[in-house]
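Have a look at the structure below before the remarks.
The values are calculated or read from the model by the stated rules, or taken from the named source; none is laboratory data. Quick caveat: nothing in here was measured; it's all calculated off a predicted structure. Every residue, glycine among them, receives a Cβ derived from its backbone with ideal geometry; neighbour counts consider all protein chains shown.
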Amino acid sequence: MPDDSPTTPETVAPALRPATRAVHAGRPARDPDAPLNTPLTMAATYVGGGDLEYGRYGNPTWTAFEDALGSLEGGRALAFSSGLGAVATVLDLVANDAVVVAPRHAYQGTLGQLGDLQLRGRVQSRLVDIADTDAVVAACDDAAIVWIESPTNPALEVADIPAIVAAAHEAGAYVVVDNTFATPLLQQPLDQGADIVLHSATKFIAGHSDALLGAVVTRDPQLYDVLKGRRDLLGAIPGTLEAWLALRGLRTLHLRVERSQANAVELVRRLEAHPAIERVRYPGFGAIVAIEVAKGPLAADLLCRSTRLWVFATSLGGVESSLERRRRWKGEATTIPESLVRLSVGVEDVDDLWDDLVQALDQLG
Ligand SMILES: *Cc1c(COP(=O)(O)O)cnc(C)c1O
């Protein structure tokens, strides 16, 4: 490369593959003595007269994370305080009394926000089985937003995104896809026609169970400006350290997803043959598995407290494997079986993960 050319991955080769983008996107220009990584910029305000002006309007560390995530999803990203901060900002866009179509099984906080907005007469929510494409298409009439989560939490249903996008756009609705479970490496909803992709970057993207962060990504410049304007106004902005940690995590996203997924596939194969497990749900990709314990919810609780390696904890997408019985949460959908345990498969040795699950399952008697 000539010395005066900026050497971001996009200018070097726009067709770089995802693993290379995960490593290289969002780095500073390669000037002599420039740091390889974007530094943590702790700034509540900036010297006046520039583009940023105030800390709520932008930060170079957020931008580095946004460039990297945007590169993986194929759009322009905006980081938020948390996944739910991003959800609230997107839902704030709809007009009063607007119809929002959403999956009946979805992240509890997303359903919680919709329920709250509905209760206050702010929106009308129409909950659907997102895997029943005909039902989703039929619900799109007059909708302002069709909200997709795929795979869903924690039932792991998969949506036909292109078919839903076609029906939603026909009805004049925007399509939002919560891509947290799939990650941009396994599913690129913008390529399938979605208008907004949303992430809880707290999960796989940051990947180490230490930072809360959210993000939205869009290709529509007008939608980007509107979302940026709402973020400025509502203030659901990321912490600088969190954005930095999430970018650090994103550098190994492809390695973690590959290993977690391989572990999940192998564990699913073994769990399906285990007599203590009544049902295994796995969409065929990703690192989240749901099992139903044959002996019921008490046995499921006992399982979660009998593992030594698997951590009993909520959340998912970390390097460490964790598990929990979802119905222990009062707000979980009552259509989720009481004995369902969600497994977030990490990057440990799969035989150690299996041995630990088996010793815990053996304790169920
Ligand atoms: C965790 C999660 C959220 C919420 O994200 P936070 O970062 O915890 O606010 C939204 N959607 C899905 C699918 C999630 O798993």
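Observations on the structure shown:
- Every residue from region 86-127 that is small (Gly, Ala, Ser), touching a residue at least 24 places away in the same chain (Cβ under 8 Å) and either crowded, with 18+ Cβ neighbours inside 10 Å or more than 17 Å from residue 168 (Cβ to Cβ) (or both): 86, 88, 98, 102, 106, 109, 112, 121, 125
- Among the helices (runs of 4 or more DSSP H) confined to region 1-83, the ones with at least 2 residues that are touching a Ser or Thr at 6+ places or on another chain (Cβ under 9 Å) and modelled with pLDDT of 95 or more are located at 18-24, 60-73.
- Restricting attention to region 231-277, the residues being small (Gly, Ala, Ser), free of Cβ contacts under 8 Å to residues at least 24 places away in the same chain and touching a strand residue (DSSP E or B) at 6+ places or on another chain (Cβ under 8 Å) number 0.
- If only residues of region 241-265 that are of a type in the set (S, T, N, Q) and either in contact with a Leu (Cβ under 9 Å, 6 or more places away or on another chain) or more than 18 Å from residue 23 (Cα to Cα) (or both) are counted, the one that is surrounded by the most Cβ atoms within 10 Å (Cβ to Cβ) is 260.
- Sole residue being in contact with a Cys (Cβ under 9 Å, 6 or more places away or on another chain) and of a type in the set (Val, Ile, Thr), chosen from 146, 226: 146
- Filter pass, residue 99 being away from the ligand (no atom under 11 Å from the Cβ) and over 20 Å from residue 191 (Cα atoms): yes
- Count of region 221-251 residues, restricted to those that are part of a helix (DSSP H, G or I) and either modelled with pLDDT under 95 or not charged (D, E, K, R) (or both), is 18.
- Contact map, region 278-293: first residue under 19 Å from residue 346 (Cβ atoms), second residue among the basic types (Lys, Arg), Cβ cut-off under 6 Å, separation 6 or more or different chains; pairs are 290/281; 290/342.
- Residues that are polar (S, T, N, Q) and more than 14 Å from the ligand (Cβ to nearest atom), drawn from region 182-219: 188, 192, 218
- Of the helices (runs of 4 or more DSSP H) entirely within region 252-365, those holding at least 3 residues that are within 16 Å of the ligand (Cβ to nearest atom) occupy 253-272.
- Among the conditions (1) away from the ligand (no atom under 16 Å from the Cβ); (2) in contact with a strand residue (DSSP E or B) (Cβ under 8 Å, 6 or more places away or on another chain), the only one that residue 80 does not satisfy is (1).
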